[in-house]
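What follows is one structure encoded as structure tokens, with my remarks underneath.
The values are calculated or read from the model by the stated rules, or taken from the named source; none is laboratory data. Please read all numbers here as calculations on a predicted model, not as lab measurements. Please note: Cβ atoms are built from the backbone with ideal geometry, for glycine as well, and neighbour counts cover all protein chains shown. For the accessible areas, the whole protein counts, side chains as well, though only heavy atoms, and no ligand, DNA or RNA atoms are used. Shrake-Rupley method; radii C 1.70, N 1.55, O 1.52, S 1.80 Å.
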Amino acid sequence: MWIALAFISAALLGFYDASKKSSLRDNAVIPILFLNTLFCACLMAPFIIMSACGGIDPASDFFVAPISAAQHRLILLKSLIVLSSWLLGYIAIKHLPLTIVGSVNATRPVLTIVGALLVFGEDLNAWQWAGVILGALSFYLMSRSGSKEGIRFSHNLWIYLLVGAAVLGAVSGLYDKHLMAPPERGGAGLNRMAVQGWYNIYQCAMMGLMLMLIWWPKRKKSTPFRWKHSILLISLFLTAADFVYFYALTDPDAMISVVSMVRRGSVLVSFSIGALIFKEKNLKSKTVDLLFVVLSMICLWIGSN
């Protein structure tokens, strides 16, 4: 069941990336990210309130369990990690083609595999090493494709930010496994709805401060903000993708390395949208790059099973 949920989450993430690209074109980054966190918080707040008031049965999948101050601090740390990754990723996706962004993000399982090796002691077998090597090769090929569009990976700020977002995303994935794993397996054993609900609340508060202190005073000198309907879709697709993702991780047999790899299958959706809707260039070369990314994911999947 958890593997099927990971595939559903991947599809939703593909539409999430496309909604971000549409929203950020010629638009201000910080207000859009704030609205994203605000809408996500508004979607989750009713579950928190109804659970506290007894309106949701504790046995329900939508019940938000009460948590301690120490557990709140754990979720606050997750919020900081995710928000940092989002901020870097939003800035990068605004300035880079979606076909490149999706492919670079799809190499995150390589980072997660290495992290799982270091943190959880998951050994790498021959298939997984093959996946890591193919992932590194795909990144090199993407740099060659990007150079045809004037994007030099070694000298491009947006690529650096995108890679930074990918690294933080991998860290977040490993941390999620720790938060959701039962105490007998060394985890925090947190309720998945509590994690999803409260981390969205905390992110909204942090982005609100950033909006008022950083963007608002300089709004007339920077890129103006324009409302687009796709901004709302960002939150809807993300909330749905996260709900399915956290549900998958509650399965004791779920492997974070496999779940993270499958979720990066979102590149197939975002790449297709970049090609068909955004009419991005150099697709033949990028398709070859994507093929190596997919092969890397397949090797990681075989090795992890």
Q. Restricting the search to the stretch 222-238, which residues are open to solvent by 20 Å² or more (accessible area, probe 1.4 Å) and within 30 Å of Leu300 (Cα to Cα)?
A. Leu236, Phe237
(Q) Go through the stretch 119-140 and report how many residues are open to solvent by less than 20 Å² (accessible area, probe 1.4 Å) and either among the acidic types (Asp, Glu) or modelled with pLDDT of 85 or more (or both). (A) 1
Q. Which of the residues belonging to the stretch 146-157 are open to solvent by 30 Å² or more (accessible area, probe 1.4 Å) and at pLDDT below 90?
A. Ser147, Lys148, Glu149, Gly150, Arg152, Ser154, His155
**Q.** Filter result for Ser143 (in contact (Cβ under 8 Å) with a residue 40 or more places away in the chain, open to solvent by 10 Å² or more (accessible area, probe 1.4 Å), hydroxyl-bearing (Ser, Thr, Tyr) and part of a helix (DSSP H, G or I))
**A.** no
Q) Here are Tyr202, Tyr160: which of them is over 17 Å from Leu33 (Cα atoms), open to solvent by 30 Å² or more (accessible area, probe 1.4 Å) and of a type outside the set (A, V, I, L, M, F, W, C)? A) Tyr160
**Q.** Pair list, Cβ < 9 Å and 6+ apart or interchain, from the stretch 266-282 residues that are within 20 Å of Lys148 (Cβ to Cβ) and modelled with pLDDT of 85 or more to residues that are surrounded by fewer than 19 Cβ atoms within 10 Å (Cβ to Cβ) and polar (S, T, N, Q)
**A.** Phe271/Thr287; Ala275/Thr287
Q: Please enumerate the residues belonging to the stretch 25-38 that are open to solvent by 50 Å² or more (accessible area, probe 1.4 Å) and modelled with pLDDT of 95 or more.
A: Leu38
Q.
Any residue in the stretch 72-94 that is under 11 Å from Trp158 (Cβ atoms) sitting within a Cβ distance under 6 Å of a residue that is open to solvent by 40 Å² or more (accessible area, probe 1.4 Å) and not basic (Lys, Arg)? List the pairs, counting only those 6 or more apart or interchain.
A. Ala92/Trp158
Q | Enumeration of residues in the stretch 163-189 that are of a type in the set (D, E, K, R) and either open to solvent by 40 Å² or more (accessible area, probe 1.4 Å) or farther than 24 Å from Ile75 by Cα (or both) | A | Glu184, Arg185
